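Undergrad: Structure below; questions to follow.
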Amino acid sequence: MMKIKNSIVMGISALAFYGCSKEEIPEPGINPFMPAEEQPICVTHHYTYHAESYTLTYYFNSENEVLRREGDVSIHDGIMKSKSDETKIFKVDKISEDGKTFDITLVDSEEELDRLYENTATQVSEYDRCTDWLSQPGTAAFYFFKDINYSWEYVDIRVVNASYFQDQWLDDADNNISSIWFSSYPSSVYPLRLDVFAGSCFSGSIYSLTASVPNLHWLSVDLGDKISSMKGWPI
């Protein structure tokens, strides 16, 4: 009888150990019983503001809607609440290959944004703020898409062989861009900068990009489908 009892205890202990092993613990927010296509998508933002760093984790559904946020939510919301739309300026320093991790610097003005770029020769002051402009020839090319993952391109606003461009109104693409592809010749020698604005005539909040973004909704729920003007050039 004692041998049987000991065997049962050992079996239960072994089962408990196996069930709590590291390999069996799902990632936060992931339901191991839910089909893969219905699992929430985890996106991480690493922010820097006034030399202080904090992190937010977003969970999205397949419709690019935010299910919840985790991390330094109160810090981020406090900073955003203190800013007007014109001073919500984000310099996107790095984007992971899968487009799910972003390193972002928050700044307070366009002048501060320009200072963060080395050897920046911004040309926007040479042109009226509410006009379209394209300078060629150049090394920059930008492609804009209605859907995520570079699908359904807006050919009418494609920019190629440019040394500088600005587009203050996007016609059919206004508030309807979900992904952006960068191209330059070669990119290692001529990196690109693209500033996208929430408002027309280069107004409202700004996201300053230096790489392609497969899903703008993951970068900001206030940015995906909410771009109304932009300007870009090699840096």
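Read-outs: derived from the displayed coordinates by stated rules, not from any lab. As the structure is a computational prediction, the values presented were derived from the model and not from experiment. Cβ coordinates were reconstructed from backbone atoms using ideal geometry, including for glycine residues, and neighbour counts include every protein chain displayed.
Undergrad: Taking the Cα centre of each part, how many Å lie between segment 141-218 and segment 57-115?
TA: Comparing the Cα centres of segment 141-218 and segment 57-115, I get a distance of 18 Å.
Undergrad: Averaged across orientations, what area in nm² does the convex hull of the alpha carbons in segment 36-82 project?
TA: That works out to 3.6 nm², a quarter of the Cα hull's surface.
Undergrad: Right, next: Could you list 41, 148 so that the one with the fewest beta carbons within 10 Å of its beta carbon is first and the one with the most is last?
TA: 41, 148
Undergrad: Still on this model: Compute, for segment 143-194, the length of the dipole vector about the Cα centre, with Cβ point charges of +1 (Lys, Arg) and -1 (Asp, Glu) only. Units Debye, rounded to 20.
TA: 300
Undergrad: Rank the residues 196, 159 as a footprinting-exposure proxy: fewest other Cβ atoms within 10 Å of their Cβ go first.
TA: If I rank by nearby Cβ atoms, fewest first, I get 159, 196.
Undergrad: Fewest Cβ neighbours within 10 Å first, please rank 69, 115 accordingly.
TA: 115, 69
Undergrad: So if I place +1 on the C-beta of Lys and Arg and -1 on the C-beta of Asp and Glu, and nothing else carries charge, what would the dipole magnitude of segment 36-82 be about its Cα centre? I want it in debye, nearest 20.
TA: 220
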